[in-house]
Amino acid sequence: LTLRVNKKKMRLRLPAVEKKYKAPKVAIVMDDFGYNMNNIDALFAIRQPVTLSILPNLPYSEEVARDAKRRGYEVMLHLPLEPHSEAVREEEGTIKAGMTEARITAILEGDLSSVPGADGVSNHMGSKSTEEREVMMLVMSHESF
């Protein structure tokens, strides 16, 4: 997927959608990997197409990502974004509304380096950040995607 962004107008231009399937398809994305290696072998043992969404900079983020890629699974960065609720414990390095472009880019690049081979990004708790157009434009227009 190639996204084109006109940074002056902050408009996202998506490519035309290509219909590849005649019947509906389901994608299964399992998230919050990286804290430990629990259940990884059981997940791989089911031998079904599952995408693993891995939180960055955790003790096992890189190991889970490399193992999944080696086995042919799709991997996504489970990007910590700021939630509305202040009662929720945020991950270290959470991208927050109002951060500078340089700070968001630095966090995103560090997160991506800790989840090698990421094919995309999913949102981790970020209801507040996902409402911020500037934050989302920076994330969605990153050169890795």
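Some observations on this one:
- GluC sites (Glu not before Pro), loop per DSSP, at most 13 other Cβ atoms within 10 Å - longest free stretch of the chain: 19-85
- Val121 - accessible surface, heavy atoms, 1.4 Å probe, Å² rounded to 10: 50 Å²
- Treating r as the C-beta distance of Ala23 and Met140 and R0 as 22 Å, the FRET efficiency rounds to 0.15.
- Fluctuation leader among Leu58, Leu108, Leu43 - the chain, Gaussian network, Cα springs under 10 angstrom: Leu43
- 23 Å tail of the calculated P(r), region 21-145, as % of Cα pairs: 33 percent
- Cross-link table Lys25/Lys96; Lys25/Lys69; Lys22/Lys128, entries beyond 29 Å C-alpha to C-alpha: Lys25/Lys96; Lys22/Lys128
- Amide H contacts under 5 Å for Ser53, placed H, 5+ residues apart: Met30, Asp31, Asp32, Phe33, Met76
- Amide H contacts under 5 Å for Gly126, placed H, 5+ residues apart: Leu81
- Counted by Cβ distance under 14 Å from Thr130, the other residues give a net charge of -1, where Lys and Arg count +1 and Asp and Glu count -1.
The values are calculated or read from the model by the stated rules, or taken from the named source; none is laboratory data. This structure is a prediction, so every number in the text was calculated from the model and none was measured. Here the Cβ is made from the backbone with ideal geometry for all residues, glycine too, and neighbour counts use every protein chain on show. Please note that ligands, DNA and RNA were not included when accessible areas were found on the heavy atoms of the full protein model with its side chains. Shrake-Rupley method; radii C 1.70, N 1.55, O 1.52, S 1.80 Å.
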